[in-house]
Amino acid sequence: MHTVTLIPGDGTGPEIVDATVAVLEAAGAPIQWERKEAGLTAYEKGRDLLPEDVLESIKRNKIALKGPLTTPVGTGFRSVNVALRKELDLYANLRPAKSYTGIQSRYDNVDLVVVRENTEDLYAGVEHMVGEDAAESIKIITRKGSERIVRFAFEYAVKNNRKKVTAVHKANIMKYTDGLFLSVAQGISEEYPQVKFEDRIVDNMCMQLVIKPQLYDVMVMPNLYGDIISDLCAGLVGGLGVAPGANIGKDIAIFEPVHGSAPKYAGKNKVNPTAILLSAVMMLRHLGEMIVAKKIERALAEVLAQGTRVTYDLGGKATTTEMAQAIIEQL
Ligand code: NAD
């Protein structure tokens, strides 16, 4: 039995989290949940946005499944999502993008994995005005940060029987920062002769992905390129409602959908549970629960392929709970 911290989140978060918990329980996944409130739901009860017991629970269990958390704009409210990644040093953002029959998209056989560095680059937040009419943002790339993310990508490739890692960069222009990232990637690739290695300049990478995504497998890149390319890849396989993700550190991992809390649909039992369910499937694989992970993914794939009991964004009329029920019946 694995104990997992469960953060339902807010907006539509609790609805898709409940649907996911129901599917995992019906599939017999050996999980015991430790439910914790963070973000708006905690704040409205007079607690911290990121209460200490939530962090403690994640540190103790080393694993969490998380619904989306709203970050209100213009209130000085800091993003709990970003705080969690920083506090727990979750340096790798893993975003698979895979086609499923029944989900309308441009290609049928996409199976990509974006490994995005989560802590450095232009996201380090070193930004300031220079006088009144100019602004500077400093791009930080370190050898340590590059080594651990590239090693993560190769280890992921080996464990998941992936054949190729592509390092994405703009080292032709940013010779120091991206140059360092690329040279670290080239060095580490020599330790993994069983995995093919290549590099692509980021603009060319975007074009290649749009024209022939089947040529790529695992891609590893600094933070900003990762942000953009992972959404591009989500778009290639049907968009946000089906895009799972994980933030992973040395010992701790948080699994969560890429999408946000979709507040306009909160309480309407309407949104698609697929992205968070696929995140839970990634979590089960991370825990070594391969058989139950496969069983759930197959049942979901079958419901998607039938296309009748799916949510509005996939062209169906099912509610969140009806779609979850269809998956449970398929199990
Ligand atoms: P969003 O992802 O919530 O919504 C974007 C669009 O996608 C909307 O039209 C929404 O209805 C739709 N959508 C999202 N999830 C869906 C699903 N599961 N099924 C069907 N349709 C879905 O993005 P946003 O509106 O920019 O952000 C809303 C809030 O979420 C903001 O406060 C933002 O800060 C937060 N957010 C949180 C996370 C996170 O917790 N990791 C990630 C992104 C955004």
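Before moving on, here are some points about what is shown:
- Of all residues in segment 291-331, exactly one satisfies the criterion of being among the hydroxyl-bearing types (Ser, Thr, Tyr) and more than 16 Å from the ligand (Cβ to nearest atom), namely Thr308.
- Number of positions in segment 269-278 that are among the polar types (S, T, N, Q) and either crowded, with 24+ Cβ neighbours inside 10 Å or within 14 Å of Ala301 (Cβ to Cβ) (or both): 2
- Residue, surrounded by the fewest Cβ atoms within 10 Å (Cβ to Cβ), within segment 223-242, restricted to residues that are of a type in the set (Val, Ile, Thr) and part of a helix (DSSP H, G or I): Ile228
- Filtering Ile248, Ile327, Ile291 for residues that are touching a Phe, Trp or Tyr at 6+ places or on another chain (Cβ under 8 Å) and either open to solvent by 40 Å² or more (accessible area, probe 1.4 Å) or not assigned by TED's automatic domain parsing to the domain that holds Asn109 (or both) leaves a single hit, Ile248.
- Residue check, Ala246 within 19 Å of the chain's Cα centre (by Cα), within 24 Å of Thr311 (Cβ to Cβ), within 14 Å of the ligand (Cβ to nearest atom) and assigned to a helix (DSSP H, G or I): no
- Qualifying residue in segment 257-264 (condition: assigned by TED's automatic domain parsing to the domain that holds Ala26, surrounded by fewer than 24 Cβ atoms within 10 Å (Cβ to Cβ), at negative phi and among the aliphatic types (A, V, I, L, M)): yes
- From the options Leu50, Leu65, residue that is touching a helix residue (DSSP H, G or I) at 6+ places or on another chain (Cβ under 8 Å), buried (at least 18 other Cβ atoms within 10 Å of the Cβ), assigned to a loop (DSSP other than H, G, I, E, B) and not assigned by TED's automatic domain parsing to the domain that holds Asp227: Leu50
- Considering segment 210-251, and only residues there that are closer than 21 Å to Leu65 by Cα and of a type in the set (Val, Ile, Thr), the residue that is modelled with the lowest pLDDT turns out to be Val242.
- Residues that are of a type in the set (S, T, N, Q) and more than 7 Å from the ligand (Cβ to nearest atom) within segment 255-273 comprise just one, Asn269.
- Condition met for Val220 (away from the ligand (no atom under 15 Å from the Cβ) and not in a loop (DSSP other than H, G, I, E, B)): yes
The values are calculated or read from the model by the stated rules, or taken from the named source; none is laboratory data. Treat the numbers as computed from the prediction; the structure is a model and nothing was measured. For neighbour counting, all protein chains shown are included, and Cβ atoms are generated from backbone atoms with ideal geometry for every residue, glycine included. Surface areas here come from the heavy atoms of the whole protein model, side chains and all, with no ligands, DNA or RNA. Shrake-Rupley method; radii C 1.70, N 1.55, O 1.52, S 1.80 Å.
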